[in-house]
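Right, one structure below, let's go through it.
The values are calculated or read from the model by the stated rules, or taken from the named source; none is laboratory data. Note that the structure is a prediction, hence the values are computed from the model and not measured. Positions of Cβ are backbone-derived with ideal geometry, glycine not excepted, and every protein chain shown enters the neighbour counts.
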Amino acid sequence: MLGRLFALVCATAFGIATTASAQTLAEREGIDARPHLSFNGTPGMVDMPSAYAMPDGDLTLSVGHFGGITRASLAFQVSPRLTGVFRWSSIDTLFDPERDYYDRSFDLIYRLADETRFRPAISVGLRDFGGTEFFASEYIVASKQVHRRVNVSLGLGWGRLASQNGFTNPLGILDSSFETRPITAFSGTQTGEFRLDSLFHGDAAVFGGVIWDATDRLTFVAEYSSDAYEAETRRGVFERKSSVNFGASYDVNDVVTLSAYSLYGTEIGAVATFKLNPKVPPTANGVERAPQPVRPRPDPQRAPQAWSTAWAAQPAAQPALEQTLTAALATEGLVLETVEFTATKVSVSLRNPRFGRAAQAVGRAARIMTAVVPASVETFEITLVQQGMATTRFSLARSDLEELEFAPDNAWRSYARTEITDAGNQPNARQSLAAPKLTFGLTPYLDNSLFDPNEPILFDIGVRARARWEPRPGWVLDASLRQPIYGNRDNTNRPSNSVLPFVRSEQDDFTRGNDPKLERLTFAHYFRPGTNLYGRVTAGYLELAYAGLSGEVLWKPPSSRLAMGVELNAVHQRAPGSLFGLGEGVFDNDALTGHVSAYYAFDGGYRAQLDVGRYLAEDWGSTVTFSRRFNNGWEVGAFATFTDVSSEEFGEGSFDKGVFVTIPPSWFVGQPSVSDATSVIRPVLRDGGARVSVSDRLYEMIQDDTNPALQDSWGRFWR
Amino acid sequence: MRAGLSSMPSTLRTSVGGRRTGRPGWATLMAGLVLALLAGCGPIYSYSSAPAIAQPPAQAPTQAAPTRPGLRALVASVNPFRREAELPAPQDILTPEVLARATTPLLLMQYEDRVGWALFQPIVQNGDVLTWLSDSGESLSFDSEGMLQATRGLGRDLMTADTAPITRFLGQGRRQGTDLLRVQEFLDAQNTVLRMAYICDVTDAGVAPRRLLNATPRLRELRETCTGGDGREFTNLYWLDPVTGLLRGSTQWVSPENGRVTLEVVAQ
């Protein structure tokens, strides 16, 4: 098991490592030096934290093992001050001699103060809040550089971090209730709750350590630990003889760090840390073919005939424009939907299956138009089309393109001169000129679920057949069938102990086995019900586990940071292991679910989403999602759902929550692409707060065609 | 990218098919990862129905002319999964006899810091700026004095360059100058425009034999030494005909990642 986890991690990291450039991070993007990461995958010494933070945006995976304890931590530097961590831990035979104990937890760390000449950096951290609380602890720590290559840290810990040499809580001065920590009855199978009343309560203890950067690559660390590992030592997982830990780390390259530590006087531990930053791609971007340059019009004085408007009256003009534009746009991978024209204005609508940033598609289309559209045309109107719906319209002056192609600051100036409006309140085109009606294909796939309570990695690989038929723009028949070839999905079989209808807790039954799986068979209609409004109705087999009807309306003006949506679903659970069958017995669940959603895009790529409504187990509540979306397609976020299902009814985990990472392949290969892959990691999948997963939700489809995404990536217009 | 499997580093390739005792899932996982990688890059098979209108034969808006190979290897050099191709030196291929047969002007670009060269031919003039295109899809744009204005397709490109002071300076036939402003723009990985300003001094390094592709004529070298607010320094070299003052060749800085390129029009 462990070997496999390492194998996957190593393989992934190897791929990343080989693509890392020889140039250091600092040279390339001016990213600060990275702090030493501890066994917990957060900045620190060996087992104890320091007050330093990772560079903004850093995403690290640390996998470590010592004394029967394995930890895999995914840490994300949400903002320069805030760090979020998801951790999966395994402890050999902790509660059950037959079985390892698996635990999933979240940490949050906030840097209160930056280091100055006289003041140390100060951070406060919450470990394992809202999880099982097996690792529950809080700390405040200060770190100060005392020499160019040496820094020291001193901290005060609570909870688990006060289990060694704890003393009466100094916060008792404020209120004597701080002196006792409410005891969580922890059995190893039950859940912790999201409780604030134990934070910073109970005894406190001091920890501290030293980090010495002996060379640019080699670091030595030593610490005094205040974690007694009471449960582990009592059950003989390992023996704790000393509170002093020490060790060394070596930075193999920008991506990989290997560490070895002596822990608690008896154990030797090792950690491999893999780091990447979405702001720093491994390959140069922009290696796609250069755009067609702007072709300026001839001087109207010297070549007045070229400026004649007579062409527009000729009957052959329409087919000629359609044909030349279709062919010219196809060289850039853009698909023409419609063309309309007058002698001074040409309007095109097009699909963009190639460029992840809409601005690049618009910029390339506009330059192509300068080469094929008669000189008398001064205004270009380019409308983007998604699933048959016209989304955003860009109105550009041709003379601006000619003037700004090589002008300083041309990105901002062209953005300022482009009129960006909603293309809505119009029916879909009756016919697409060049969009293929039918597409189908066969691709390999890898489907995985990470950190399942029984098995850290569950996956299956195989081939996926997809077909899409769009008889008229916006009317789409979509089918996706996958045939697993190899997987380990059979390794988990936990009969659900849920007291709720089994709407998600038996999800494993839907992915297990090597029979073909119908992932989707839907007929959908996409339409514009009005200005700034988008609509979708989908019917059929919506996802692996549910079939039914789903409808959605989204309000999203092209320049608004706020979007609102309403979604309604009437679904019935499907039968596991059957292509078309509907669920019976424990799978005989039907539900009417729906949500009102608000989306807000903050500055800096931060995104918040609030969904309020009814969930699959007919529970009512809301989901909060917070994410950071990098301007190159990366997105890292977390969500939590709170419904009227009590934590006892919910079972392990108390409430539905998780983290997700969206990775664009274009980041690795440097070529533009609209595709990306999202991995969702949930500590545990239960029945409370569960939702139907409908593909092509409108906000995800529309957001890159509207602001702020457009403006933030307008630099791509001229690429 | 479908060819990615065969062109991966041999260590990785060995792992895909290799067997390791005690780690049954290893090889499979590796294969799965590779497959996942492929999934993001290309299908095994795909079909698209014909468009509703009859398409004329795809007529590229730009006419790419036959040029020598070389640029693909150059692109491959930024692709870490590919082994750098053995690239012949340009003078071995672009002999005077070969160049004499050229029907269009040809521009040779050679990287200074890495192996790679490419041939470009002019495609569009917009105002003062002439854009040259290579057959593998890179483009370079120059103003009337031969100052590099923009690159595309090299990766981490020069998006724009404001060289008006130095262009005017050279246009006046001057040889010594200080405090000439140069502004260059790049795109970072988050598509943010990075604008870098440099203060440049021009000095005359005198007339001496200068090594060009197929000759070593006596040319005047002007050195433009630039210092940026970011602490970066670079020097552009311009070789002028001592009699006519025309630019015969240059070495110009493109961007932090691309370094300098040497440029010469090898066929008129």
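Given the criterion surrounded by fewer than 20 Cβ atoms within 10 Å (Cβ to Cβ) and either β-branched (Val, Ile, Thr) or in contact with a Gly (Cβ under 9 Å, 6 or more places away or on another chain) (or both), identify the matching residue among A:Ala598, A:Ala608.
After applying the criteria, what remains is A:Ala598.
Checking A:Gln360 against (1) surrounded by 23 or more Cβ atoms within 10 Å (Cβ to Cβ); (2) free of Cβ contacts under 8 Å to residues at least 24 places away in the same chain; (3) not aliphatic (A, V, I, L, M), which test does it fail?
Of (1) surrounded by 23 or more Cβ atoms within 10 Å (Cβ to Cβ); (2) free of Cβ contacts under 8 Å to residues at least 24 places away in the same chain; (3) not aliphatic (A, V, I, L, M), only one is false for A:Gln360: (2).
Restricting to the range A:103-124, name every residue that is under 22 Å from A:Phe76 (Cα atoms) and not aliphatic (A, V, I, L, M).
The answer is A:Asp103, A:Arg104, A:Ser105, A:Phe106, A:Asp107, A:Tyr110, A:Arg111, A:Asp114, A:Glu115, A:Ser123.
Considering only the range A:77-149, give the strands (runs of 3 or more DSSP E) lying wholly within it that have at least 3 residues that are over 24 Å from A:Asp452 (Cα atoms).
Per the criteria, A:99-113, A:121-127, A:137-147.
Determine whether A:Pro576 is part of a loop (DSSP other than H, G, I, E, B), touching a strand residue (DSSP E or B) at 6+ places or on another chain (Cβ under 7 Å) and surrounded by 19 or more Cβ atoms within 10 Å (Cβ to Cβ).
no
Filter the range A:453-466 down to the residues that are without any contact (Cβ under 8 Å) to a residue 60 or more places away in the chain and of a type outside the set (Gly, Ala, Ser), then identify the one that is farthest from A:Ala72 (Cα to Cα).
Per the stated criteria, the residue is A:Arg466.
So in the range A:631-658, with the set limited to residues that are of a type in the set (Phe, Trp, Tyr) and crowded, with 22+ Cβ neighbours inside 10 Å, which one is farthest from the chain's Cα centre (by Cα)?
Among those residues, the one meeting the criterion is A:Phe650.
Tell me which of these A:Thr338 doesn't satisfy, since it passes every other one: (1) away from chain B (no Cβ under 11 Å); (2) farther than 21 Å from A:Ser713 by Cβ.
Result: A:Thr338 fails condition (1) only.
Being of a type in the set (A, V, I, L, M, F, W, C), in contact with a helix residue (DSSP H, G or I) (Cβ under 6 Å, 6 or more places away or on another chain) and within 30 Å of B:Arg195 (Cβ to Cβ), is that true of even one residue in the range A:314-332?
No: zero hits.
Please pick out the residue among A:Glu635, A:Glu618 that is within 14 Å of another protein chain (Cβ to nearest Cβ), of a type in the set (D, E, K, R) and out of contact with any Gly (no Cβ under 6 Å at 6 or more places or on another chain).
A:Glu635
Check A:Asp603, A:Asp619 and return the single one that is more than 30 Å from A:Asn428 (Cα to Cα), crowded, with 18+ Cβ neighbours inside 10 Å and acidic (Asp, Glu).
From the options A:Asp603, A:Asp619, the qualifying one is A:Asp619.
Here are some residues: B:Arg168, B:Arg195. Which one is modelled with pLDDT under 95 and either more than 23 Å from the chain's Cα centre (by Cα) or polar (S, T, N, Q) (or both)?
Sole residue among the options that is modelled with pLDDT under 95 and either more than 23 Å from the chain's Cα centre (by Cα) or polar (S, T, N, Q) (or both): B:Arg168.
Step by step: first the residues of the range A:693-711, then only those that are surrounded by fewer than 21 Cβ atoms within 10 Å (Cβ to Cβ) and of a type in the set (D, E, K, R), then the one that is nearest to the chain's Cα centre (by Cα). Which residue is that?
A:Glu700
Could you identify the single residue in B:Arg260, B:Arg223, B:Arg232, B:Arg218 that is surrounded by fewer than 22 Cβ atoms within 10 Å (Cβ to Cβ) and closer than 19 Å to B:Trp117 by Cβ?
Residue meeting the stated conditions: B:Arg260.
Would you mind stating whether A:Pro304 is free of Cβ contacts under 8 Å to residues at least 12 places away in the same chain and either surrounded by fewer than 23 Cβ atoms within 10 Å (Cβ to Cβ) or not β-branched (Val, Ile, Thr) (or both)?
It is true that A:Pro304 is free of Cβ contacts under 8 Å to residues at least 12 places away in the same chain and either surrounded by fewer than 23 Cβ atoms within 10 Å (Cβ to Cβ) or not β-branched (Val, Ile, Thr) (or both).
Here's a check for you: in the range A:267-281, which residue that is closer than 30 Å to A:Asn245 by Cα and of a type in the set (A, V, I, L, M) is nearest to the other protein chains (Cβ to nearest Cβ)?
Per the stated criteria, the residue is A:Leu276.
Consider A:Ala284 carefully, then state whether it is farther than 29 Å from A:Ile702 by Cβ and either within 11 Å of another protein chain (Cβ to nearest Cβ) or under 36 Å from the mean Cα position of the chain (by Cα) (or both).
Answer is yes for this residue.
Has the range A:71-86 got at least one residue that is surrounded by fewer than 21 Cβ atoms within 10 Å (Cβ to Cβ), touching a helix residue (DSSP H, G or I) at 6+ places or on another chain (Cβ under 8 Å) and closer than 21 Å to A:Pro683 by Cβ?
no
So which of A:Pro473, A:Pro456 is more than 9 Å from chain B (Cβ to nearest Cβ) and closer than 30 Å to A:Glu322 by Cβ?
Matching residue, one of A:Pro473, A:Pro456: A:Pro473.
Within the range B:217-252, can you find the residues that are farther than 21 Å from B:Ser144 by Cα and touching a Cys at 6+ places or on another chain (Cβ under 7 Å)?
Across the range B:217-252, the qualifying residues are B:Glu233, B:Phe234.
Limited to the range A:380-407, what total is found for residues that are surrounded by 19 or more Cβ atoms within 10 Å (Cβ to Cβ) and either among the polar types (S, T, N, Q) or over 18 Å from A:Lys345 (Cα atoms) (or both)?
Here the count works out to 12.
Among residues belonging to the range A:600-615 that are within 30 Å of A:Pro672 (Cβ to Cβ) and not aliphatic (A, V, I, L, M), point out the one that is nearest to the other protein chains (Cβ to nearest Cβ).
A:Gly605
Which condition number in (1) facing another protein chain (nearest Cβ under 7 Å); (2) more than 28 Å from the chain's Cα centre (by Cα) is the one that A:Ala416 fails?
Result: A:Ala416 passes all but (1).
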